[in-house]
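Novice: Dropping a structure here in structure tokens format, bear with me for questions.
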Amino acid sequence: MSDNNKTYFISGGGTGGHIYPAFTVVEKLLKEKDTEKIYYIGNPKNLEFEIVQKYPNVEFLPVNVSGMPRKLSPELIKWLIQFFFAFLKARKYIKEYKPDAIFTTGGYVSAPIVTAAINLKRPYMIHDCDSVPGLVSKMAAPNAKIVSVAFENSKKILKSNNIIFNGNPVREAFFTVTKEEAKKKLNIPLDKKVIFAMGGSQGAKTINSAMVDIIKTLSEDMNAFVILQTGKKKYNDTVIDLENKYPEFKNNNNLMICPYFDEMVYPLKASDLVIARAGSLSLTEIIQCHLASILIPYPYAAQDHQRKNAKEMCEKGVALYLEDSECNGENLLNQIKEIMNNQEKLSAMQAKAKELAKANPTEEIVKQLKSTIK
């Protein structure tokens, strides 16, 4: 193939934490002059299939695979048969489309293409998004040409001769949008301190409930501008809760209650303090925006990775930690005040986040991916 004629296989799925970083790399590759074709390998029943429809220049290649049962059972036997056929299909894709480079962000969806690459002795690169790498990343790392990680802790777990700490890939807007631009976009006064509480696209009932209890104190007594992203499915319940506990909230100019932000860069860039779960992508975006944070990890996350993510951030001085079971209005308010009423502490946490932020992880990852091409 000529130098201006590169074909890429990208895979990663099952959850947004694997999917969104993969599509960030896709977006970067689409802007490269030497990219001719990108194929995304995923499960057509998953979120990755929906997202790929937004990219007319990316072709979706389906593999029928699900998460592996962890116990010996008839379901495991069914899964092994399913996986074998997914592997054969992935192998066929490699032979048919002859990708110049293969890149995955983990999750069970990427297992067939990685296994096929190993079987056909084709070079590939993986990126693991969490501080506790998943099963697929552990399996794929030893044979990978390059292993990219989002957290330093992953280096201790993955076995590879070429492991690089890049941080998670994030969209270009995180490096170009300013705080002032973000505030103007959201109609927030430039002189206001901003507190942003979010629980991801699904929302977090614990965070929503605690915020409802203290939102009047934050927005009136502390005069902070408060953004609450409730999650799409939890928006109506949260608004009803607010109407019952704080009927005047609709007249409060210091409040913004939203189901979900499609462009997360704006509320994050506008903020001074973020209250959030501890998924890897959220943490990366919080760090790239140089923000102080209060992290309330989801207690049922796979391998308890959110707790471990959050504790690593606390050790680095960028966050305070609050257990989900202890997340009530009183405890959350105490932590918010600890940060917001102490400018020195707020500034120190923001400075630590800035130190951790990578110059441009997506750009570095794409350079490294290109270096795997023979």
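Novice: Would you check if Asp324 is among the charged types (D, E, K, R), in the same structural domain as Gly203 (by TED's automatic domain parsing), out of contact with any Gly (no Cβ under 9 Å at 6 or more places or on another chain) and over 25 Å from Ser219 (Cα atoms)?
Specialist: no
Novice: Separate question: In segment 85-109, what residues are assigned to a helix (DSSP H, G or I) and modelled with pLDDT under 95?
Specialist: Tyr108, Val109, listed by residue number.
Novice: Keeping to segment 354-374, report how many residues are touching a strand residue (DSSP E or B) at 6+ places or on another chain (Cβ under 6 Å), part of a loop (DSSP other than H, G, I, E, B) and not hydroxyl-bearing (Ser, Thr, Tyr).
Specialist: 1
Novice: Do you know which residues across segment 1-31 are in contact with a strand residue (DSSP E or B) (Cβ under 7 Å, 6 or more places away or on another chain) and charged (D, E, K, R)?
Specialist: Within segment 1-31, Lys6 is the sole residue that qualifies.
Novice: Let me ask something else. Based on what the data block shows, is Lys28 among the basic types (Lys, Arg), assigned to a helix (DSSP H, G or I) and within 21 Å of the chain's Cα centre (by Cα)?
Specialist: When the stated conditions are applied, Lys28 passes them.
Novice: How many residues are over 22 Å from Ile126 (Cβ atoms) and in contact (Cβ under 8 Å) with a residue 12 or more places away in the chain if we restrict to segment 46-81?
Specialist: 1
Novice: What number of residues within segment 106-125 satisfy the criterion of being among the aromatic types (Phe, Trp, Tyr) and under 17 Å from Val149 (Cα atoms)?
Specialist: Residues in segment 106-125 being among the aromatic types (Phe, Trp, Tyr) and under 17 Å from Val149 (Cα atoms): 1 in total.
Novice: Taking the criterion of being among the basic types (Lys, Arg) and modelled with pLDDT of 95 or more, would at least one residue in segment 304-316 satisfy it?
Specialist: No, there is no match, as no residue in segment 304-316 is among the basic types (Lys, Arg) and modelled with pLDDT of 95 or more.
Novice: Residue under question is Ile19, and the condition is that it be within 17 Å of the chain's Cα centre (by Cα), surrounded by 14 or more Cβ atoms within 10 Å (Cβ to Cβ) and farther than 15 Å from Leu369 by Cβ; does it hold?
Specialist: Criteria met by Ile19.
Novice: For segment 37-67, enumerate the residues that are loosely packed, with under 14 Cβ neighbours inside 10 Å and charged (D, E, K, R).
Specialist: Those that are loosely packed, with under 14 Cβ neighbours inside 10 Å and charged (D, E, K, R): Lys45, Glu50, Lys54, Glu59.
Novice: Being in contact (Cβ under 8 Å) with a residue 60 or more places away in the chain, over 28 Å from Val136 (Cβ atoms) and β-branched (Val, Ile, Thr) narrows it down to one residue among Ile294, Ile215, Ile207, Ile287; which is it?
Specialist: Ile207
Novice: Check Gly67, Gly17, Gly12 and return the single one that is touching a Gly at 6+ places or on another chain (Cβ under 9 Å) and at pLDDT 90 or above.
Specialist: Residue meeting the stated conditions: Gly12.
Novice: Which of the residues that make up segment 273-295 are within 16 Å of Val194 (Cα to Cα) and of a type outside the set (A, V, I, L, M, F, W, C)?
Specialist: Listed by number, the residues that qualify are His290, Ser293.
Novice: Here's another thing I want to ask about it. Could you check segment 112-136 and list, in sequence order, the residues that are modelled with pLDDT under 95 and either farther than 21 Å from Gly167 by Cα or crowded, with 21+ Cβ neighbours inside 10 Å (or both)?
Specialist: Across segment 112-136, the qualifying residues are Asp128, Cys129, Asp130, Ser131, Val132, Pro133, Gly134, Val136.
Novice: To continue, here is another question. Can you spot a residue in segment 344-353 that is more than 11 Å from Ala292 (Cα to Cα) and either surrounded by fewer than 18 Cβ atoms within 10 Å (Cβ to Cβ) or in contact with a strand residue (DSSP E or B) (Cβ under 8 Å, 6 or more places away or on another chain) (or both)?
Specialist: yes
Novice: Do we have Leu228 as without any contact (Cβ under 8 Å) to a residue 40 or more places away in the chain, crowded, with 19+ Cβ neighbours inside 10 Å and of a type in the set (A, V, I, L, M) here?
Specialist: yes
The values are calculated or read from the model by the stated rules, or taken from the named source; none is laboratory data. None of the values given here were measured: they were computed from a predicted structure. Quick reminder, even Gly has a Cβ in these numbers, built from the backbone with ideal geometry, and neighbours come from all protein chains shown.
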